[in-house]
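Only one structure is covered here, and it is reproduced in the block below.
The values are calculated or read from the model by the stated rules, or taken from the named source; none is laboratory data. On a predicted model such as this, the values are computed, not experimentally measured, just so you know. Glycine also receives a Cβ, built like all others from the backbone with ideal geometry; neighbour counts cover every protein chain displayed.
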Amino acid sequence: MPAAQRRQSLLDTATELLEQGGSDALRMDALAKAAGVTRPVVYEHFGDREGLIIALIQRHGARLRQQISEALAEATSFEDELARSVRAYLAEVREHGAALRALLRSVGVSPEIERTRAGIWTGGNRRWAARYREEFKLTAKDAEAMASFHLHGLWSLADQWLAGKLSARRVEQLHVATVLGSLREVSRLPAR
C-alpha cells in the first residue's frame, strides 16, 4: 500500500478507536493491532502518540473547514451562512462526533497538541470575526469576542443535540437566532 494511503487508513482506524474507547484507547500498539500492521509501521507514520493525535486533530479540522467552505459557497445571505455552517458542523459531528470530542476534550496533553487544537479553533474564530466585522461593523475586539462566544455556544448546543435534548433543526434555529440577535445588539453599543 502506498505511504499516503496507509497513513489515511491508519487515521481511519485511529478514529474508530477514539469513537469506541475515547482517548485512552488511542495507543500505538492498539492502533497497530486494529490496523493489522506492526508497531514500527505506526511509528514510521506518526513518530509517537503525540504525532498521531496532532495528525488526527489536523485531519478533523481540515474536514470541518472543507465541509463548512462547501456549505458557505452557496449561501445567499449572512443568515444563510450561519444556518449552512451549523448544518455542516452537525454533519461532521454526526459522523465523527465521539472522536472529535475525545480529541478536543482530552486533558494533560503536550504544548504542541494544545497549539494544534488552538490553531483549529483560532481559524474558525478569525473567519467568523471577519464576517462579523464586515456584516455588523464591529470593532476587531468585539468581533473576536462575539465569534468565540458563538462558537462555544454552538459547541454547547451540539452537546444538547448529541444527548437527544434538541433536534438538529432546533440547534440551527437557536444558533442563528442568538448570533443574529446578539450581533445586532452589540452593533448598537458605543465602540470602545
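Summary of values
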item	result
Check on Ala62, touching a residue at least 12 places away in the same chain (Cβ under 8 Å) and either surrounded by 20 or more Cβ atoms within 10 Å (Cβ to Cβ) or not acidic (Asp, Glu) (or both)	no
One residue from Glu74, Glu50, Glu79 being without any contact (Cβ under 8 Å) to a residue 24 or more places away in the chain, surrounded by fewer than 16 Cβ atoms within 10 Å (Cβ to Cβ) and of a type outside the set (Ser, Thr, Tyr)	Glu74
Residue in the stretch 85-107 that is in contact with a Gly (Cβ under 8 Å, 6 or more places away or on another chain) and surrounded by 18 or more Cβ atoms within 10 Å (Cβ to Cβ) present	yes
Count of the stretch 166-185 residues which are among the small types (Gly, Ala, Ser), more than 24 Å from Arg133 (Cα to Cα) and in a helix (DSSP H, G or I)	1
Selection within the stretch 110-139 - surrounded by 16 or more Cβ atoms within 10 Å (Cβ to Cβ) and aliphatic (A, V, I, L, M)	Ile113, Ile120, Ala129, Leu138
Residue within the stretch 59-74 that is within 28 Å of Ala191 (Cβ to Cβ), in contact with an Asp or Glu (Cβ under 9 Å, 6 or more places away or on another chain) and either in the same structural domain as Pro40 (by TED's automatic domain parsing) or not aliphatic (A, V, I, L, M) (or both) present	no
Residue count for the stretch 146-175, restricted to those that are in contact (Cβ under 8 Å) with a residue 12 or more places away in the chain, of a type outside the set (Phe, Trp, Tyr) and under 18 Å from Asn125 (Cβ atoms)	10
Any hit, the stretch 141-149, residues being among the hydrophobic types (A, V, I, L, M, F, W, C) and outside any helix (DSSP H, G or I)	no
Qualifying residue in the stretch 103-113 (condition: within 24 Å of Ser9 (Cα to Cα), in a helix (DSSP H, G or I) and within 11 Å of the chain's Cα centre (by Cα))	yes
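Rundown of residues vs (1) farther than 20 Å from Glu16 by Cα; (2) in a helix (DSSP H, G or I); (3) touching a strand residue (DSSP E or B) at 6+ places or on another chain (Cβ under 7 Å), yes/no style:
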residue	(1), (2), (3)
Val37	no, no, no
Val42	no, yes, no
Ile53	no, yes, no
Ala71	yes, yes, no
Ser85	yes, yes, no
Leu100	no, yes, no
